[in-house]
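Student: The structure that follows is given in the form of structure tokens.
Please treat every number below as a calculation from the coordinates, not as lab data. The structure presented is a predicted model; accordingly, all values stated were derived computationally and were not measured. All Cβ positions, glycine included, derive from the backbone under ideal geometry; neighbour counts span all protein chains shown.
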Amino acid sequence: MKKILALVLSMVLMLSVCAAPAMADDVVAYRTLYSGEITSLNYLTTATTNEFALAANVIDTLVEYDKYGQVQPALALSWEYDAENLTYTFKLRDNATWVKADGTVYANVTAYDFVSAAKYILDAANASSTANVFYSVIAGAEAYYLGTSTPEEGQEPYPVMDFETVGVKALDEYTLQYTLIEPVPYFMSMLTYVCFMPVNGDFLAEKGADFGVATSNENLLYCGAYILETFEPQNMRVYAKNVHNWDADNVFIDRIEQKYNKEASTISPELFRDGEVDDASITSTIASEWLANEETADLIRPVRQSNFYTYFWAFNFDPQFEAEYEPENWKIAVNNENFRQSIYYGLDRVKSKLVMEPDYPESILFNTVTPPEFVSINGVDYTQMGSLAAITALETDTFNEAKALEYKAAAVAELTAAGATLPIKILMPYNANSSSWAEECVVVEQQLEALLGADYIDIMVEARPSSGFLRDVRRSGKYALMKCNWGPDYADPNTYTDPFYDGTYNWPEKATAYLDENGVSEYYKLVDAARAITDDLQARYDAYTVAEAFLIENAMIIPYGYDNGGYTASRLNPFESQFAPFGISNERYKGQTLLDAPMSTDQYFEAMDQWEADRAALAEAAE
């Protein structure tokens, strides 16, 4: 039945492709399926990975990174830093253009476009999800932002500030200057993030509330490697090479065609094998079958860990889910440390990771929030510093039956005394479009309940619609325990505090046991102390390790590692893509070519060895 379904869906896809206009023989097209639709084209307000990926390919940034992670000029040709005045001054190129959806040139990209973007982001009415990243480093930005906000009932309004007080200036048409609040050693790494992208002010005014609305590709201008030529939600997205782009000669894939199918993860392997798509996610079951077959063994390769997305199981301290899942009872449980520790030590992460990586699940596990090899000082990795050193040094998984049961016994007594009803209902939702996520949740449910007992916990695994999942589930607090993720925005440990500090993840500021007499979270105070250190990088990093260890040691989260092990099938060379452990560089197709045949496992390891050797040589030459 599955093969018949795949065949039928394959024929449907072929018919829809055949109905598209014929392409010239020399056009290089890259074809994929996708199952998660975006909800916004507005890169100045979004905070979701899918929308970042779109923006990365249609909007250029001041700088970019090459395939070895070296910063390169992009919209900015050069820059200089004045340490005394805390200013970065960028000289922009004069040959970058804004292009409309129909491919016609609208205007040049100028310094004023970065000022327009900043003013838009710092208007609280626009509800930018990344405004806090911007105003955390730019002088005057937070005060201006607060002045645009609506005060809560009973609160005095903040003073309204003139935008001239914000440290973003167009000194002339092609000279841009940012003034920082204080020394920010990682500022240059922030410039590939969406809140530092430009927007044309005239177009913004022309579109008004329609700017970036996900109903039409005409609600954006484009200055990146591609134009969103076709945008039909839940049908098709087509990126066409922007021939007017200043660096069009380094864009080698002419078209990127993305077809929507809610069963994409299920049907894409067979479509890939039939040559109808150029990329497919490969489950562990399919990988085992294909690797054992001579005809398919060379069609797949290992997934490259090129991003630094971290995954963790988050305990929700501010439950907003339905009464049937007993949110008040959950509040009592989640605020009991022994209860959380019983889950922390009771979760067999290796077993659940087998869903993603059946051969060596330990390879995608790590014990911290911040992934290894993100930042380092003098060759020492951040995760091996300070309070994280002992956590990282654990040679075994955190799973420990004896400890889990010991914490359970203590928790039962305390929860009963506090008036909690056992078993504790644990709402564990997942995105309905992710079959692997569903499998993981089932494994976790069965494993934890078998160890800790169904009389102690009742894990309720439930599928939630993929459309608006982040908005309606995670950001709305409609979960008790859920697998969450976070990707870094810049090269500093502070970026991994964002989910837990004034964020919309698990709200640790509502964990009653860790509030001082004024109701301030102990975690917040630790982060604030780390942020205040700007003149001593070692001391700064050490302070961040204390804050991160606080979350882990008190079992407010359970670190989970990477989420993409195993194999993939693709006609892209993963070592040609832009490389950076932060921002949006890894999402860009610019610089990549389409292989005549998919990269095999042997070819993958050969290419990886060469990439590492070339990168090491570059680093040595720079010393």
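Student: What list of whole percents do you get for P(r) of the range 313-561, with Cα-Cα distances grouped in 10 Å bins up to the one holding the largest distance?
Tutor: 7, 31, 37, 21, 4, 0
Student: Further question on the same structure: Towards the positive end of the charge dipole of the range 313-561, with charges on Cβ (+1 Lys, Arg; -1 Asp, Glu), say which of Ala463, Gly519, Val412 has the farthest Cα.
Tutor: Ala463
Student: By the scheme Lys and Arg +1, Asp and Glu -1, what is the net charge of all other residues having a beta-carbon under 11 Å from that of Thr601? Walk me through the numbers before you get to the answer.
Tutor: On the way: positive: Arg301; negative: Asp298, Asp602, Glu606.
Around Thr601, the charge tally is -2.
Student: Compute the Kirkwood hydrodynamic radius of the chain, taking the inverse of the mean of 1/r over all pairs of distinct Cα atoms, and give it in Å to one decimal. Before the final figure, lay out each step's value.
Tutor: Numbers: mean 1/r = 0.0384 Å⁻¹.
That comes to 26.0 Å for the chain.
Student: Given contacts defined as C-alpha pairs under 8 Å and at least six residues apart, what's the relative contact order of the range 313-561, whole-number percent?
Tutor: 31 percent
Student: Quick one: what do you get for the range 327-404 if you divide its Cα Rg by 2.2 N^0.38 Å? Walk me through the intermediate numbers first.
Tutor: Details: Rg = 15.4 Å, N = 78, 2.2 N^0.38 = 11.5 Å.
The value comes to 1.34.
Student: Short version: ³J(HN,Hα) in whole Hz for each residue of the range 42-51, in order, from phi by Karplus 6.51 cos²θ - 1.76 cosθ + 1.60 (θ = phi - 60°), x for Gly and Pro, what are they?
Tutor: Each residue's phi maps through the Karplus curve to give 7, 5, 7, 10, 6, 9, 10, 4, 4, 6 Hz.
Student: With no solvent and one point per C-alpha, what does the Debye sum give as log10 I(q)/I(0) for the range 225-383 at q = 0.09 Å⁻¹?
Tutor: Here the Debye-derived log intensity ratios amount to -0.58.
Student: Relative contact order for the chain: what is it in percent, counting Cα pairs under 8 Å that are at least 6 residues apart? Before the final figure, lay out the partial values.
Tutor: On the way: 1210 pairs, mean separation 117.5, N = 623.
It comes to 19 percent, rounded to a whole number.
Student: Structure shown: which of Lys67/Lys510; Lys169/Lys510; Lys67/Lys525; Lys403/Lys478; Lys100/Lys478; Lys67/Lys207 lie over 31 Å apart, alpha-carbon to alpha-carbon? Can you show the working numbers first?
Tutor: Values: Lys67/Lys510 42 Å; Lys169/Lys510 39 Å; Lys67/Lys525 38 Å; Lys403/Lys478 29 Å; Lys100/Lys478 40 Å; Lys67/Lys207 36 Å.
Long pairs (Cα-Cα over 31 Å): Lys67/Lys510; Lys169/Lys510; Lys67/Lys525; Lys100/Lys478; Lys67/Lys207.
Student: Sort the following peptides by mean Cβ neighbour count (other Cβ atoms within 10 Å, averaged over residues), highest first: 116-122, 247-253. Don't jump to the answer; show the numbers that get you there.
Tutor: Working: 116-122: 23.6, 247-253: 15.3.
So the peptides 116-122, 247-253, ranked by packing, come out 116-122, 247-253.
Student: Hey, what number do you get for the chain at 222 nm if only DSSP H runs of n ≥ 4 count, each worth -39500 (n - 2.57), divided across all residues, to the nearest 500? Can you show the working numbers first?
Tutor: Numbers: 17 runs with 187 residues, N = 623.
Value at 222 nm, helices only, nearest 500: -9000 deg cm²/dmol.
Student: Still on this structure, please answer the following. Between Thr150 and Asp210, with labels modelled 7 Å along Cα→Cβ, what's the label distance in nm to one decimal, could you check?
Tutor: Once both label points are built, they end up 2.5 nm from each other.
Student: Assigning unit charges at the beta carbon (Lys, Arg +1; Asp, Glu -1) and nothing else, what dipole magnitude in debye, to the nearest 20, does the range 33-241 show about its Cα centre? Walk me through the numbers on the way to the answer.
Tutor: Details: 9 positive and 27 negative charges, 124 e Å.
About 600 debye.
Student: Continuing with this model, one more query. Return the long-range amide H neighbours of Phe399 (sequence gap of 5 or more, or a different chain), with a cut-off of under 5 Å between placed amide H atoms.
Tutor: Here Arg349 satisfy the definition.
Student: Moving on to the next point. When a/c reaches 1.5 or more, the comparison of a/b and b/c decides; with that in mind, is the range 33-241 rounded, prolate or oblate per its Cα gyration tensor?
Tutor: Numbers: a/c = 1.72, a/b = 1.21, b/c = 1.42.
Since a/c reaches 1.5 but b/c is at least a/b, the shape of the range 33-241 is classed as oblate.
Student: Quick one: what are the phi-derived ³J(HN,Hα) couplings along the range 409-423, Karplus 6.51/-1.76/1.60 with θ = phi - 60°, whole Hz, x for glycine and proline?
Tutor: 4, 5, 5, 4, 5, 6, 5, 4, 5, 7, x, 6, 9, 9, x
Student: Step through the residues of the range 355-361 one at a time and calculate ³J(HN,Hα) from phi using the Karplus curve (6.51 cos²θ - 1.76 cosθ + 1.60, θ = phi - 60°), rounding each to whole Hz and writing x for Gly and Pro.
Tutor: In residue order, the calculated couplings are 4, 8, 9, x, 8, 8, x Hz.
Student: Long-range amide H contacts for Arg31: which residues qualify at under 5 Å (H placed 1.01 Å from N, peptide plane, sequence gap of 5 or more or a different chain)?
Tutor: Glu257, Asp278
Student: Here is a further query. With the Cα gyration tensor of the range 116-208 giving a ≥ b ≥ c as the square roots of its eigenvalues, does the rule (a/c under 1.5 for rounded; else a/b larger than b/c for prolate; else oblate) give rounded, prolate or oblate?
Tutor: Judged from the Cα gyration tensor, the range 116-208 comes out oblate (a/c at least 1.5, b/c at or above a/b).
Student: Which shape class, rounded, prolate or oblate, goes with the range 486-623 when its Cα gyration tensor gives a ≥ b ≥ c as root eigenvalues, a/c under 1.5 marks rounded, and past that a/b bigger than b/c marks prolate? Each step should come with its number before you reach the end.
Tutor: On the way: a/c = 3.05, a/b = 2.01, b/c = 1.52.
Prolate shape, in that a/c is at least 1.5 and a/b is the bigger ratio.
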